[in-house]
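Step one of this worksheet: look at the structure below.
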Amino acid sequence: MRALNYLELEDAVRGGMVTATRQQRKALSTTDVEVVETPWRAGNPVQSLGTLFAGEGYFTDVDLAHCNLVGPGSVAVARHARREDIPLILHAHVTKEDFAQSFRGSSRVAPALEPYLRWFYSQADLVLCPSEYTKGVLESYPVDAPIRQISNGVDVESMQGYEQFREETRARFDLDGMVVYAVGEVFERKGLTMFCELAKDTDYDFAWFGPYDEGPQAGTATRHWVNNPPENVTFTGFMEDKRAAFGAGDVYLFPAKVENQGIAVLEAMACGKPVVLRDIDVFREFFTDGEDCLMCSTFEEFREALERLADDPDLRQRLGENARETAESHSLDRIGDELADVYDALLDGNVERAASGDAVEG
């Protein structure tokens, strides 16, 4: 089978959808699926005009199309798939809920995004999403297409060797003691204000490893905290190797307000780190408070959780060991098998089996 797995503007966009897409491709590399990364016959839409005018076609030949973003390139692929009767999967990494509080003006734009997303996702033969929480969000729009949950997974192999970065990274950013950390883009939906307010109220070193915007597109909270951080908070900016972040940090703190799953949480768990999460539906779906994480709802609960972890090394170790087991249950081998079986079911014309979760057994 030759399948398109497409993320438009892949070199320009940032965040979890890039990681998720690349993990899909890596997962599929262990299957019989031949993955094609661009829909354009000549590699990009402009150069492909030449092949179109030469009578060679505009789109590359595939048996199935799988798109991971919602922009004009993906719309073009979706229309082509409809015309040519190619099975179409649209992956819902974007909802109006997780779009809000990400950059300047995003919360005002988010409500207007819903009708577009409803239309876009409804074109699919099957919509994939990373959590049952996200599935419920899409059904509430409502999206008029079958929807199937498949975990984004975690690339455990990519985290190997994180320990070797510990001393160098801690020295580079002047980190000491129990380091409370987060990984990923810096914006308010990820719990930025809670992160910084907790730092102000404690004595631990806090570090947020990841890029942030400083220009006019940056959100108000991002501009405020990056330019006026508490004394014990370090914003590192982009990290060339994510393993440096997970090696340097001790407790992963992620008070995100909305998530579709949280790949960085799984990466922290793969490294055996104790994690402290906001108590929201999507985290309760995958994780268990007191077993592989601590979940909190209020400022006081977050502060108490950090104090417990600082005072109890055995608790840190137990949560970290259980977290590693949780991460292993989201392995890319499993994700690859699920995706390949869904692809097969759609090629067979069996949308019901692809959407039901019975594709693996079929």
From the protein chains alone at 1.4 Å, what is the descending order of accessible area for Tyr133, Tyr252, largest first? Tyr133, Tyr252
Would you mind getting me the FRET efficiency between Leu9 and Arg223? Use the beta-carbon distance for r and R0 = 30 Å, nearest 0.05. 0.80
Sort Glu267, Glu325, Glu185, Glu307 by heavy-atom solvent-accessible area, probe 1.4 angstrom, most to least. Glu325, Glu307, Glu185, Glu267
What Rg and what Dmax come out for the stretch 220-362 when only alpha-carbon atoms are used, in angstroms? 18.7, 59
Quick calc: nm separation of the 7 Å Cα→Cβ label points for Asp203 and Gln317 -> 2.4 nm
At q = 0.13, 0.15, 0.26 Å⁻¹, work out log10 I(q)/I(0) for the stretch 234-287 with the Debye formula, treating every Cα as an identical point scatterer and leaving solvent out; two decimals please. -0.33, -0.44, -1.13
The stretch 178-253-the stretch 317-351 distance, computed between alpha-carbon centres (Å): 30 Å
Probe 1.4 Å, all protein chains in place: accessible area of Asp85 in Å², nearest 10? 130 Å²
Among the listed pairs Lys96/Lys273; Lys200/Lys257; Lys135/Lys273; Lys96/Lys200; Lys96/Lys242; Lys200/Lys242, give every one whose C-alpha distance is greater than 24 Å. Lys96/Lys273; Lys135/Lys273; Lys96/Lys200; Lys96/Lys242; Lys200/Lys242
Where the Cα atoms of the chain are projected onto their three principal axes, how long is each span, largest first, in whole Å? 66, 47, 39
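The values are calculated or read from the model by the stated rules, or taken from the named source; none is laboratory data. Quantities reported herein were computed from a predicted structural model and do not represent experimental measurements. Glycine also receives a Cβ, built like all others from the backbone with ideal geometry; neighbour counts cover every protein chain displayed. Side chains are part of the model used for accessible areas, which takes the heavy atoms of the whole protein and leaves out ligands, DNA and RNA. Shrake-Rupley method; radii C 1.70, N 1.55, O 1.52, S 1.80 Å.
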